[in-house]
1. Would you mind computing Rg(Cα) / (2.2 N^0.38 Å) for segment A:148-286, counting N as its residues?
2. Once you charge only the Cβ atoms, +1 for Lys and Arg and -1 for Asp and Glu, what is the size of the charge dipole of the protein assembly as shown about its Cα centre, to the nearest 20 debye?
3. How well do other chains shield peptide A:336-348, expressed as the mean number of their Cβ atoms within 10 Å of each residue Cβ?
4. Could you derive backbone 3J(HN,Hα) for segment B:425-431 from the dihedral phi with the Karplus parameters 6.51, -1.76 and 1.60 (θ = phi - 60°), listing whole Hz in sequence and x where the residue is Gly or Pro?
5. For the protein assembly as shown, what proportion of DSSP beta bridges, expressed in % and rounded to the nearest 5, is antiparallel?
6. Out of the DSSP beta bridges found with both residues in segment B:605-734, what percent are antiparallel (nearest 5)?
7. Looking only at Cα atoms, what is the convex hull volume of segment B:855-950 per residue, in Å³?
8. Express the relative contact order of chain A as a whole percentage, based on alpha carbon pairs under 8 Å and six or more residues apart in sequence.
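Any read-out appearing in this document is the output of simple, stated calculations on the displayed coordinates, not a laboratory observation. Remember, predicted model here, so these are calculated numbers, not experimental data. Here the Cβ positions follow ideal geometry from the backbone for every residue, glycine too, while neighbour counts run over all protein chains shown.
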Amino acid sequence: MEKSGVTLEASAESKRQPHVDNELRRPPLVANERSLSWITDKVSNIVEAPTPKWWLLALCFTVPIALMGLACIIYQISNGVGVWGENHPNGWAWDITNFVFWIGIGHAGTLISAVLFLTRQKWRTSINRAAEAMTLFAVVCAGIFPAIHIGRFWNAYFLAPVPNANGIWPNFRSPLLWDVFAVSTYFTVSVLFWFVGLIPDLATLRDRAKSKIGQFLYGIFALGWRGSNRHWRHYEMAYLLLAGLSTPLVLSVHSIVSFDFATSIMPGWHTTIFPPYFVAGAIFGGFAMVLTIMLPAARIFPQINDLITRQHVDKMAKIILLTGSIVGYAYLMELFVAWYGANKFEGFTFFRARAAFNGEGWYQWAYWIMMFCNVISPQIFWFKKMRTNYIVVFIVSQFVNIGMWFERFTIIVTSLAQDFLPSSWGHYSPSLTEKLTFIGTFGIFLTLFLLFMRFLPMIAISEVKLVTPEADPHHGHPKH
Amino acid sequence: MSKRIFQHPEESQTGKRYWRSLGQLQDTPEFRGWLQREFPQGASELEGGDVSRRNFIQLMGASVALAGLSLSACRRPLKNLVPFTRGVEWSVPGKALFFTSAMPARGGAIPLVVTTFDGRPTKIEGNPMHPVSKGATDIWAQSSVLDLYDPQRSKGYLLDGKPSSADAFQKALAGILSAAGDGSSLAFLVDGVQSPTRERLRKAVLAKFPQAKWASYEPNGNDLELEAAAVAFGAGHEIAPKLEGADVVLTVDRDILGVEGDLASVRAFASRRKVENSADAKAKMNRLYVVENRYTLTGGMSDHRMRLAASRAGTFLKLLAAEIAALSGDSSLGKIASELKVPEKLGGKDAAKETSWVKECAVDLWSRKGKSVVLVGQRQPVAVQLLGLAINSALGAIGQTLIVRKTDTVPALGIGALAEELRKGKTATLFVLGGNPVFNAPSDVKWTDAQSAAKTVIHLAMEVNETSAKATWHVPAAHYLEQWGDARASDGSYLVVQPMIMPLYNGVSEIELLAKIAGVESDPLALVQKTFVEISGVTADSGAVWANVLKQGSLEKSASKPVEAAVSVEAISKKVSESPAIRVGDKDFELVFITDSKLDDGRYANNGWLQELPDPITKLTWDNAALISPATAKALSLETGDVVKIIAGDKSLEVAVLELPGHADDSISIAVGYGRSEVGSVGRQVGVDVYPLISSESKRFRTGVTIQKTGRQYALAITQEHGALEGRGADITRQATVEEWSKNAEKANPDYFKKMGIDAHAPENFSLYTHPALDDVHAWGMAVDLNTCIGCSACMIACQAENNIPIVGKEQVINGREMHWMRMDRYFASEAGSESEPEMVSQPMMCQHCENAPCETVCPVNATVHSEDGLNVMAYNRCIGTRYCANNCPFKVRRFNFFDYNERSLTSLYKWNLLSEKGMAESSKMQKNPNVTVRMRGVMEKCTFCVQRIQEAKIAAKVHARDSEAATKPQVPADVFTSACAQVCPTEAITFGDLKNPASKVAKLKESQRGYRLLEYLNTSNRVWYLARIRNPNPKMPDASRAGSASRDAHGSHAHDPANGHSGGHQ
């Protein structure tokens, strides 16, 4: 089978473009000219194989961390926000830092699925499923923080525009409310998009399932998919529409998250550059997290190395280089505007509280960690050798993850800790509960991802097939 | 929502059955049918029919709620109010009643008007009819209402520490008294709080027991000053400053605006700082020179300040006296000065500057002869105080700016003498009435030993303290709000202490106990009335006069009159020449024992409001610390929070240091009153006890102290982490000198104060939006005069009492979560090169009630909104606690309930909610202002401009307008009420009122040229105006150019000269 595939492919190739030998051809997206059934087998096998030991061990590690996070959350809700380290003037700190951090990570998946889909970037197909799952789980983790950071959790429904007898509506002027709408819309659309994309693959798993439970559950969620023309037509239209719907959301969510800061009057928050800078930063951090997940996965499942190839990693590294440079530009532009604006309060925040080495500010270390991780470390990706070296890419991704967390910390905490009136300046340091809650969200995230890897096809089988040469309608014929 | 059910006791099944009609009693079918017709909706439920749809859904709802995460535990508990079954005379539910009273205090009682609700005193105000108070009070009067309801107050008699009863005590007392004979076996120790009735009863007791010993002890009293006055003017005289007439004031180690002054002095001082315009300032403003070892409130108000060790105050006065003697040609002054045995030099680094400082100060004092005064600290030895009196005499101050009065205080034994008596072993019974000598007697007195020489020690106190623990009998004392009594105000006028409530724990008052001992009628009212009749001299119709005294709070024209007196130069000279030398260490430090600005001598240690009130200067809460100068800290490589060992003779203590800018370099200051061991849970383990270092010779300061670093750290709870202005003085605390203001007077430069700092550059404000009109007939606003605000922080406590603000405890203060709705910002500012001698500015900071409030736009749930009359209001019920509003507040005045401070004890905040005890002590509930919500955890709160008072005034206006034309929009007349902070302010620095009413004070103040709003360039349009501080330096002084440095920005300029091109703002 494989052999014939190779010969078929080779002969097709020779026939197809006899007179353009000097044209640079794109490397194939699926390496080693794998056939369609090979793809189905290899991806489905991950789900169908007996439960691997490493998976159980990993769960034994992540589930207790997740439960610890949950316990911290219950403790916090039951006792009050005071169990964290927030104070006056630092009304927000790790909570919103973590929220923005996770929501930023949640950008890569939908960007890969939707924006790259619309722009016909076919290389997306082998990573989009996992990236989308990662997005959803990151948004779940992100959503925890704004929900629990409020003082009266049980009244969180006041945020919903529920008609009530008092005639009180939420305050539509508040960016925090826009946030609620933006994040919940983004989550909903991302779930739908992910699920719609899963349907053909769920049907594949249903058809291959040997156990009754598997047949039943995959059957339920496959929504009666038979792969008929009508199904495909509707499916593709739905997928396209959802991609169209998701694309503006990718841009809007983090823009709106940035409004939380940009529309305020705090020096260091009150900055018009925030929306594009936040979106770029989110994509930057999101891709780093995709790599953080995919590189180990590719190592664990060597069979998918033909699907997630070095060129995928190379492309993602390029995106990291681009967005990292945009973020770096934004950082420098903030400093420029603070200088050019000649507002002493702004100037203090940027030059003395954040950037200066002279000890005026209290969190310079956070600023310089951010600068190193986000601006300097990705510059190594100017070199192709580095972009395709999995270890280097993984290390830089970790720098980016750390740097992006510190970016949010810098924005939130340095601005609040030292604002207008020096009398009300105040230090902030996180409490143990706060730290464990953050660690707990990693437990939740990894647990969800492990469950996803085990029970759902982590590579979009049907979509990868579409980018194989066999799927090309002009397969074997010259291009028009 | 479930229906509200009142928590009435259930009807007994076996008892009588109550019925409304015969039909109901018989429960006939006709009755049931009638019910069905009358109440078709709910009849079957009422009569206990089958499970209805409604019941079913209720049950299901409850089951679902329980089956879930027991979310019902998260709900706000439902509580109901049950009205009186029988009306109480005068009491209208929800309406306060006001009574006059007085708070007895050392150095003069404070005339009060007490607010009571349903017989519960909830708030203390000053008596506006009395000249000492004029409506103002201090922090101790404000917080005394909390002591009344302290759940850890003494609640019963103790015999050897075990609960006993009043009867047993009476029996024991009768036995003691019957065996007392001539009283040689009796001794009394009282505190320094004066009361005419106590004086009268003292005479009665001593008449019955002529041999009894009577001693008095007050660790922070003015005994040295009285002694000096007795030497200078003869026994039975006291002195009092009269600052309203003083053009030039020099204080030497005297915190006349703080712990060593009273409301009258503060008001008198401020009266010379209340200036309307630049001409007024030039004509009226006094000049204050301050010499002190540490920054005090007085130093904060100074125009010139010299930091000088307390032990060198004598040297300073000696040099000053020499200058003044030279100017006046008064040889006797020169002679007295030369007799004072003190070092000849001040010992500073810049001797020439010091000499010029003293000289110019003397010239200034002399140039205002008769209108200048020198005030010497109560801490200073008698000889130094006498030299001060001699200088005042030379300046012609006696009788003008320093008045002499007769005092009726009869001398008593000191605590040392009493201890000696006790050690002789002849005293069988010792009465300790008030006070806490076991804790605060000088260490060389060895009071605990002396006290144990007495067979029976009877201690009357409001709390079980160190002395009670070592006493045979502890007798619970009544709070002053629970007893009849009388007192003298600082001006000597007669005040009646009127009870507001029956004793909560059957406490007895001092006069009741003394009357019992004296064997006279012990009804306290009768006792006080008898004194009153004696003092007033009314014979006929004393009832009507008495009623009027109760109404007015004081007896008219009872203030003591100044007497003509001249200092006796011989007596002074003799005493000064006999006095021992004052030693100053060259290598070691002096240690100054300061009266704590909050706990006094430790008596208020169990008062949470006071413990949590930041010290006006250091901003330290819940602790005392060794205050040292930054230079000393650097020399010893110490930082704030480092624990040091302070060694004084054979005693030592370990305490954390706190760097205080402007402190003298060779001096350490520590507040007394901390480190209490026998006290309620609030005061326990708070601070370090300094009394062991105090001895009879060095009661107030001692020299020859060494300091050692221990290497340990200690967390101090300081509410203001940062005290420097960071070049923002011209934005935040605007100032000018009298000269600068005159140059930029109203006509010359109307916007002088408005265009300082960033506002000099910012373009004209405009808004993109049409804001909702604030079209109420009222527009509430506030003006804060930085020129008269001394920073005493009484406003903070008044606000706390008025608005049910909880305390959060030391740990939470360290975490930065104090709840005070208003704070007193204190900044130090200096010019380059003079960092060791900074200027200090205090600035009260509360919600600015911005018309374009940044907090309002960001709240996602509309919990903070604007009212038509211009208040930025909080709807606690709607608040979910995102804290976004607090983040977006440029003034950081919003306060978040990080924990359920009202329901949880301060030690259990971190315990799992379900496992810890909840609820507030019943007595603490009684203190709460019923017109202000007690907030739960998770909600934001902040200054409301005392919205409850506004509403009350509006309702009153509406009731008054009733049927008239104005009834649709009744207007509150100008200045008929005010906010709690404005009401308490002794200098009237805070003014609250209606900006739309041209007759109101605030409307006029806001038009002042000095008026500015904070961070105007943000376009928040604040409703609080600050009036810039004016300094009045003497241009000849060496440090004159430094005045006003706190408002210079980083470029060293006050404001931009309008001529220099970029005055800004008019693009």
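1. Expressed relative to 2.2 N^0.38 Å, the Cα Rg reads 1.44.
2. Details: 159 positive and 148 negative charges, 638 e Å.
Here the protein assembly as shown has a charge dipole of around 3060 debye.
3. Details: counts 0, 0, 0, 0, 0, 0, 2, 4, 10, 8, 0, 1, 3.
Per residue, the number of nearby Cβ atoms from other chains is 2 on average.
4. Here the 3J(HN,Hα) series is x, 8, 8, 8, 10, 10, 9 Hz.
5. Values: 67 of 119 bridges.
Of the beta bridges lying entirely in the protein assembly as shown, close to 55 percent run antiparallel.
6. Among the beta bridges of segment B:605-734, antiparallel pairing accounts for roughly 85 percent.
7. Convex hull of Cα atoms, per residue: 120 Å³.
8. Working: 633 pairs, mean separation 145.5, N = 480.
Reported relative contact order: 30 percent.
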